[in-house]
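Engineer: Please find one structure pasted underneath; my questions will follow.
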């Protein structure tokens, strides 16, 4: 809140809305070009650290799924020498590269527009989403907020189905915080869908692979029984 207040106070509403580098602009006004370079370097290092952490933790989540589900068993293999889930890391990298090529290259954009045309939908207005990482954020935001909402709803479902289960942590002033969280998620889900529109269908593509995997897992478990 304090950082947002400083940015708004120094740059003003219109300038803050127009800039892509608000922190660098503020430091540039206060300390000149070296201030802008300093904060840009700090943000870059922080972003690289976040990417590294997300990559490593995400792959380990997939590896654990591989231990629990036979259809994803190949994700659970570990390289004993490197002590890392190489298969999960490779699968994660393939999906990431696919998404980058799909929205970051003209060939990928054309293929997506052609696919939308096959189902009688208008081409995506790519210029609206600024390209690159911003496009991926706009595409994936509806999925992000949908799963946040499902997580919030799961709290109420668990309270209803398992009222007597041991809970090491209880939500203070329940159910108000959970209701507020779900309400925020509903609003953000609506806003992200309204902004992304047909672009949100691109992010739904990975979800479509979940259904055949579910059927395969069900078949494998039935065969094991």
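Engineer: How far is it, in nm, from the label point at residue 162 to the one at residue 115 when both lie 7 Å from their Cα along the line to the Cβ?
Structural biologist: For residue 162 paired with residue 115, the spin-label model returns 3.7 nm.
Engineer: Cα convex hull of region 76-131: how many Å³ per residue?
Structural biologist: Taking only Cα atoms, region 76-131 has a hull volume of 106 Å³ per residue.
Engineer: At 0.36 nm per residue, and after removing the present C-alpha to C-alpha distance, how many nm does the segment from residue 56 to residue 211 gain when stretched out fully?
Structural biologist: Gain in length upon complete extension: 53.2 nm.
Engineer: Which FRET efficiency value, to the nearest 0.05, do you get for residue 77 and residue 47 by plugging their Cβ-Cβ distance into 1/(1 + (r/R0)^6) with R0 = 22 Å?
Structural biologist: 0.15
Engineer: Just to confirm my numbers, what's the Cα centroid distance between region 7-74 and region 124-171 in Å?
Structural biologist: If you average the Cα positions of each part, the centres end up 20 Å apart.
Engineer: Right, something else. Any chance you could run the full-extension gain for residue 98 through residue 193? It's 0.36 nm times the residue separation minus the Cα-Cα distance, nm to one decimal.
Structural biologist: Gain on stretching residue 98 to residue 193: 32.0 nm.
Engineer: Here's another thing I want to ask about it. For the Cα atoms of the chain, what angle does the longest principal axis make with the long axis of helix 176-196, in degrees from 0 to 90, nearest 10?
Structural biologist: The answer is roughly 70 degrees.
Engineer: Sort region 106-225 into rounded, prolate or oblate with this rule: let a ≥ b ≥ c be the square roots of the eigenvalues of the Cα gyration tensor; rounded if a/c is under 1.5, and if a/c is not under 1.5, prolate when a/b is larger than b/c, oblate otherwise.
Structural biologist: Since a/c reaches 1.5 but b/c is at least a/b, the shape of region 106-225 is classed as oblate.
Engineer: Provide the FRET efficiency to the nearest 0.05 for the residue 180-residue 147 pair, computing r from the beta carbons and using R0 = 22 Å.
Structural biologist: Efficiency, from the Cβ-Cβ distance: 0.80.
Engineer: Percent relative contact order of region 1-132, based on C-alpha pairs within less than 8 angstrom and at least six residues apart?
Structural biologist: 10 percent
Engineer: Roughly what angle does helix 133-161 make with the longest principal axis of the chain, taking Cα atoms, 0 to 90 degrees, to the nearest 10?
Structural biologist: 50 degrees
Engineer: In degrees between 0 and 90, to the nearest 10, how far off the longest principal axis of the chain does helix 22-31 point, with axes built from Cα atoms?
Structural biologist: Its long axis makes an angle of about 40 degrees.
Engineer: When the gyration tensor of the chain is built from Cα positions, what are the square roots of 5 times its three eigenvalues, in whole Å, from largest to smallest?
Structural biologist: Gyration-tensor ellipsoid for the chain: 35, 26, 22 Å.
Engineer: Can you give the extra length, in nm with one decimal, that the chain gains between residue 37 and residue 84 once fully stretched, where that is 0.36 nm per residue apart less the Cα-Cα distance?
Structural biologist: The span from residue 37 to residue 84 would gain 13.4 nm if fully extended.
Engineer: Taking only the Cα atoms of region 53-104, how large is their convex hull per residue, in Å³?
Structural biologist: Value for region 53-104: 79 Å³ per residue.
Every number here is computed from the coordinates shown, using simple stated rules; none is lab data. The structure presented is a predicted model; accordingly, all values stated were derived computationally and were not measured. Glycine also receives a Cβ, built like all others from the backbone with ideal geometry; neighbour counts cover every protein chain displayed.
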